[in-house]
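Some notes on the structure that comes next.
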Amino acid sequence: MSFDTRTGTRGRRQPGTGGPVGRWMTMRVINRIRRKGKMPGLGFDALVLTTIGRKSGLERQTPVGWFPGPGGSWLIVASAAGAARNPAWYHNLAAHPDQVWIELPGRKVAVTAQQLHGAERDQAWRQITAAVPRFAAYQQATDRELPIIRLVPRSS
């Protein structure tokens, strides 16, 4: 499945790391996810997504909320809180969909990333917005369709 979501023309401000303090806070969030599996203050399940930078070739780690997908997969949304542009990790997944890992409390899993389209995406979107309505607000803030990515365990 292709990664083909274009940048929008309107949306919220792109979340950033905020310099040294922001990077320190992100590392605290990542460490908490590794221990507890929750996004602090948001109350939904989270994982640590490790991608390979499309330009740098370096490993990049990002805390991301997740939802259960079919067959033991994980669903994540490239919402960027409703920004006009896709988050950097989306472009990293597009460049290297088979070089992705996720971390949950006590385990690290190699996965393959697949973007959902059509009826499959619509069904996943209904599940996600029913579980966490704020994602519907993110969609309303931008004119791009928020990509939904399925992460499937890779066989060794």
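Quick note: the coordinates plus some simple rules give every number you see, no bench work behind them. Given the structure is predicted, the values throughout are model-derived calculations rather than measurements. Using ideal geometry, Cβ is built from the backbone for each residue, glycine included, and neighbour counts are taken over all protein chains shown.
Mind sorting ASP45, ASP98 by how few other Cβ atoms lie within 10 Å of their own Cβ, fewest first?
With the sparsest Cβ surroundings first, the list reads ASP98, ASP45.
Neighbour counts of other C-beta atoms within 10 Å: give me SER73, SER56, SER155 arranged from fewest to most.
SER155, SER56, SER73
Exposure proxy check: GLU103, GLU145 ranked by fewest other beta carbons within 10 Å?
GLU145, GLU103
Amide H of GLY37: which non-local residues (sequence gap of 5 or more, or other chain) have their own amide H closer than 5 Å, using H built in the peptide plane?
Under 5 Å from the amide H of GLY37 lies no amide H from a residue far enough along the sequence or on another chain.
Starting at the first residue of region 61-70, write each ³J(HN,Hα) from the Karplus equation 6.51 cos²θ - 1.76 cosθ + 1.60 with θ = phi - 60°, in whole Hz, x for Gly and Pro.
Karplus values, whole Hz, x for Gly and Pro: 10, 9, x, 9, x, 9, 9, x, x, x.
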